[in-house]
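Below: the structure, in structure tokens.
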Amino acid sequence: MFSGFMVNAWEVGTMVAIVGGVVGFFVVLRGSAFPAHAIPNGAFAGAAGANLLAINPLIGLGVFSFGAALGIGALSRRGRSDAVTALALVMMLALGAAFLSLSTQYEPQIFSLLFGEILGVSASEILPVVALGAVCIIAVALLYRPLLLTSIAPDIAAARGLRPQRFEIAFLIVIACATTMTVPVVGALLIFTLMLGPSAAAQCFTNRAGRAMAGSVAIALVTIWLALACAYESNWPVGFYVSVFSASSYGIGRGYAAWHTRRQVRATRESLRSAALTN
Amino acid sequence: MTDLPVLQVDEISVSLSGRRILDHVSFDVRGGEFTGLIGSNGVGKTTLLRTILGLQRPDSGRVLVSGMALSPRSRSLGYVPQKIVVDPDVPMRARDFVALGLDAHRYGLTRRTPQQRELVEQILHDVDAERFADNRLGSLSGGEQQRVFIAHALISQPKLLLLDEPLANLDPRSVQEIVALLHRVARGYGVAILLSAHEMNALLPVMDRIVYLTGGRAASGTTDEVIRSDVLSQLYGHHVDVLQLHGRVLVVAEPGQDNQAIPQHPTLTLG
Amino acid sequence: MHVVFESGFFTNAPVRTALIIGAVTAIVSAVVGVFVVVRSQSFAGHALTDVATTGGSAAFFFGLSPLLGFIGGGVIGAGAMDLIGVERERRRDLATGIVLGTALGLAALFLYLDTTKGATTGATQQLLFGSIFTVDPSTVPLVLGLSAFALAIVVLINRPLLLSSLSAELTRARGINLRGVGVLFMIAMAVSVGLSSIAVGSILSTALLIGPAAASMRLTKSLRASLMVAGVLGVATTWLGILFAYDSFYWVPSSQGLPVSFFIVSLIFIAYLMSGLPFVRRWVDRPPRANSAGASNQASTEALEGGA
């Protein structure tokens, strides 16, 4: 499993996990679960369109993700943002379905675009994918502190001259960038689980932002590696394993948090009791 | 030594949704002074604070900070908003949030210097937040969170600290503690304080000056100058009495007048 | 006329079936959808459709009726949403996203097993994106029955439902079983989603659920009017979509035509965008004529505005 074409998959998968963990940290922090789900669906339409026009799917992915991000950013200012995001999401999917129906390879294309493909990235595409991933990571590194403040306390940030709306758009674009490089492997419908589960789990294990982000990346890496290995052995879709392992990590994280809280409550009760006894 | 006021609010008028909220409001805040912005709920205190911060554009008038128009990046103003809800799941310690006050505007990743870390420790000590500094921000009580926000605003050493209704939902004991803390910290750091509240009595011991806001207009000066029957009657547009009772002040309208515009602590209304 | 309605449109049996099923599911979705939007449950509603996908693909794999699979999946999804609860929005959205993701992952698995198991091709396409032209006409009575069932539930609980969207405390104070109302509504949602999954596919049934409802709420000021306009919009877009899809057989060289769901979803999206246009807004916000129904409209308007 570690030779030949699979080397490709491991390399790309590792990059996908790192980006997924880094970006996912802020997705969970900002509660952007819905946009993280919606933007990749735009990517689906783009990839389908690119397929139809016989151009590099990465271009289609990129352009449509970008458009979806800006669209969600703009539309959610007016009207109920949830309804709008849902409609835009679905519109993109329908568009993608239409594009694919016009091409000849309807069925297998839909499947791999939606649910992922170990070999979703060919050798010639590794470089652009890695480059995109680097761009994402650098962007997050640059925006790290302002993004933290605007995410946690937007009013205070605004008073300091950091406009929350600008950072919202900037972050949606980062999600779009991350989507472009991660969709081919994990699938448009399932990539967001990689941005949710590991990051949400990591935030259960530590109080510190930096460690939580490192934890996101670590858990995402384990998730992807396990998923790739299982998908290779069983032939079942990568996206399936990614979603299941992401959900499991979330469950483990929540379970740990609950156990930890119970332990703390018990400890507090003990200390209060012993204090009362000694008085 | 320049004697320019830290803050000059000059004939500020603001309308929202067609309604005139602030009408030619003017006052100054001088360095190191503790100023209370008193007015009942909905009278425009938050609007005034937001205008000062540059978050709200006034119809007319101007705001000067140390004699210059405000630029958000100048960081001469610290701000503690009225209500911040921080989810308990957010992985950020109180200590780290205070540190963020130093460099939230900086792009890129840089390690914090030992001096910066020392400063964070110092401020945490000064606002009495050491014992919960390592807890999650979202898991702290309202009063504890407030101290952290104050520390966050103070650490960049602003000249003026603006607080929007910090006393609103606190029990009387916490009110006393926060007022004493602010007074102590203001003296210690030489920072001026502009704090909005709908009830002035808790602030009487520490207020240097008061800005009394009602009906869009304001009267400013020391408490003795402003909290007088003649001044307030003119501000309200109808006769009000000012009563002093055990060191507390009560502003009462005559029976039959609209009492809603008068900021009163609910338990202190005469009845 | 001939250009608009290509030959054989009205005589084509699958088309007739499609029109009936389309209209009925559109109405149910619109009605349920208005309440979904009022209760700000758009994300949960969407998640429900994805869990329905799992149900449909599982049913398909086991050789059962996809319709029942969709509905079954919807009910399980509704149960999961109920377990998640409505505590803090952030945690709720996160949990919803995780459930959604897991459901889709399972759907991926079932669809994959479908393709390897049998010679059935096009499973993904049909389940996810709709198969309204290939619905067995004998299922029409079942569809009609289920629609009536879902509508009956909504009619039954419409007042407590509206009240609970405004204030949970008020509802409880009146002795109404908040949980019961919530559960019943979830069942109505699951049935509605299951039905529209047949028409436009499970992935896209969100459009039928939320689109006409959201658009109509931008156009009307009372609940009753919203429901009617949503229903009309739903049926109109569905029928037009079916018409265009039928015509597209003749437009597109591959003679496969574009999927019905594409047309329906596009029309819904356009309708929603149009409902936000400035001149439309101005027409909607024109000063009301004095009428005795003003009082009841007031309460409904507050319900609609408070549901953001």
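The values are calculated or read from the model by the stated rules, or taken from the named source; none is laboratory data. The shown structure was predicted, so the numbers you read here are calculated from the model rather than taken from an experiment. Virtual Cβ from ideal backbone geometry, glycine too; neighbours counted across all protein chains shown.
Restricting to segment A:205-234, name every residue that is assigned to a helix (DSSP H, G or I) and in contact with an Asp or Glu (Cβ under 8 Å, 6 or more places away or on another chain).
We begin by selecting, within segment A:205-234, every residue assigned to a helix (DSSP H, G or I); these are A:205, A:209-234.
A:209 - this is the single residue of segment A:205-234 that is assigned to a helix (DSSP H, G or I) and in contact with an Asp or Glu (Cβ under 8 Å, 6 or more places away or on another chain).
In segment B:105-150, what residues are at positive phi and either at pLDDT 90 or above or away from chain A (no Cβ under 14 Å) (or both)?
B:128
Would you pick out the residues in segment B:17-44 that are of a type in the set (A, V, I, L, M, F, W, C) and touching a helix residue (DSSP H, G or I) at 6+ places or on another chain (Cβ under 7 Å)?
B:21, B:22, B:25, B:34, B:37
Taking the options B:119, B:140, B:154, name whichever one is touching a residue at least 12 places away in the same chain (Cβ under 8 Å) and over 21 Å from residue A:160 (Cβ atoms).
Result of the check over B:119, B:140, B:154: B:140.
Just need a number here: residues in segment B:87-125 that are assigned to a loop (DSSP other than H, G, I, E, B) and among the polar types (S, T, N, Q).
Applying the first criterion (assigned to a loop (DSSP other than H, G, I, E, B)) to segment B:87-125 yields B:87-92, B:104-113.
Of the ones still in play, those that are also among the polar types (S, T, N, Q) are B:110, B:113.
Within segment B:87-125, residues that are assigned to a loop (DSSP other than H, G, I, E, B) and among the polar types (S, T, N, Q) number 2.
Could you list all residues from segment A:31-56 that are surrounded by fewer than 24 Cβ atoms within 10 Å (Cβ to Cβ) and either within 19 Å of residue A:16 (Cβ to Cβ) or among the β-branched types (Val, Ile, Thr) (or both)?
First, the residues of segment A:31-56 that are surrounded by fewer than 24 Cβ atoms within 10 Å (Cβ to Cβ): A:31, A:49-56.
Result: A:55, A:56.
If we keep just the residues of segment B:21-42 that are under 11 Å from residue B:215 (Cα atoms) and in contact with a His (Cβ under 8 Å, 6 or more places away or on another chain), which is surrounded by the most Cβ atoms within 10 Å (Cβ to Cβ)?
My answer is B:39.
Across segment A:236-253, what is the total count of residues that are at pLDDT below 90 and out of contact with any Ser or Thr (no Cβ under 9 Å at 6 or more places or on another chain)?
Residues flagged as at pLDDT below 90 and out of contact with any Ser or Thr (no Cβ under 9 Å at 6 or more places or on another chain) within segment A:236-253 amount to 2.
Against the definition (under 19 Å from residue C:199 (Cβ atoms) and of a type in the set (Val, Ile, Thr)), how does residue C:28 come out, yes or no?
Here the answer is yes, as residue C:28 does meet what is asked.
One line per residue, one yes/no per condition, for (1) within 27 Å of residue B:123 (Cβ to Cβ); (2) outside the structural domain of residue B:97 (by TED's automatic domain parsing):
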{"position": "B:146", "(1), (2)": "yes, no"}
{"position": "B:171", "(1), (2)": "yes, yes"}
{"position": "B:203", "(1), (2)": "yes, yes"}
{"position": "B:210", "(1), (2)": "no, yes"}
{"position": "B:232", "(1), (2)": "no, yes"}
{"position": "B:244", "(1), (2)": "no, yes"}
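Tell me whether segment C:130-138 contains one or more residues that are surrounded by 24 or more Cβ atoms within 10 Å (Cβ to Cβ), of a type in the set (A, V, I, L, M) and in a helix (DSSP H, G or I). Break it down stepwise before answering.
Our first condition is that a residue be surrounded by 24 or more Cβ atoms within 10 Å (Cβ to Cβ); within segment C:130-138, this holds for C:130, C:132.
Narrowing the set further to residues that are of a type in the set (A, V, I, L, M) leaves C:132.
Imposing the further condition that a residue be in a helix (DSSP H, G or I) reduces the set to C:132.
Within segment C:130-138 (the criterion being surrounded by 24 or more Cβ atoms within 10 Å (Cβ to Cβ), of a type in the set (A, V, I, L, M) and in a helix (DSSP H, G or I)), the answer is yes, since at least one residue qualifies.
Somewhere in segment B:161-171, is a residue polar (S, T, N, Q), in contact (Cβ under 8 Å) with a residue 12 or more places away in the chain and either in a helix (DSSP H, G or I) or surrounded by 16 or more Cβ atoms within 10 Å (Cβ to Cβ) (or both)? Quick ask: steps written out before the conclusion?
From segment B:161-171, those polar (S, T, N, Q) are B:169; that's our starting set.
Subset that is in contact (Cβ under 8 Å) with a residue 12 or more places away in the chain: B:169.
Checking the rest, the ones that are also either in a helix (DSSP H, G or I) or surrounded by 16 or more Cβ atoms within 10 Å (Cβ to Cβ) (or both) come to none.
Taking every residue of segment B:161-171 in turn, none turns out to be polar (S, T, N, Q), in contact (Cβ under 8 Å) with a residue 12 or more places away in the chain and either in a helix (DSSP H, G or I) or surrounded by 16 or more Cβ atoms within 10 Å (Cβ to Cβ) (or both).
Within segment A:224-233, is even one residue under 14 Å from the mean Cα position of the chain (by Cα) and away from chain C (no Cβ under 11 Å)?
yes
Of A:206, A:268, which residue is hydroxyl-bearing (Ser, Thr, Tyr), free of Cβ contacts under 8 Å to residues at least 12 places away in the same chain, more than 9 Å from every other protein chain (Cβ to nearest Cβ) and farther than 29 Å from residue A:110 by Cβ?
Only one candidate qualifies: A:268.
Given the conditions (1) surrounded by fewer than 22 Cβ atoms within 10 Å (Cβ to Cβ); (2) not in a loop (DSSP other than H, G, I, E, B), which single one is not true for residue B:83?
Tallying (1) surrounded by fewer than 22 Cβ atoms within 10 Å (Cβ to Cβ); (2) not in a loop (DSSP other than H, G, I, E, B), residue B:83 fails exactly one: (2).
Would you check which residues across segment A:107-161 are at positive phi and either over 16 Å from the mean Cα position of the chain (by Cα) or β-branched (Val, Ile, Thr) (or both) and list them?
Matches in segment A:107-161: A:161 only.
May I ask you to verify whether residue A:188 is at pLDDT below 90 and away from chain B (no Cβ under 14 Å)?
On the way: at pLDDT below 90: yes; away from chain B (no Cβ under 14 Å): yes.
Answer is yes for this residue.
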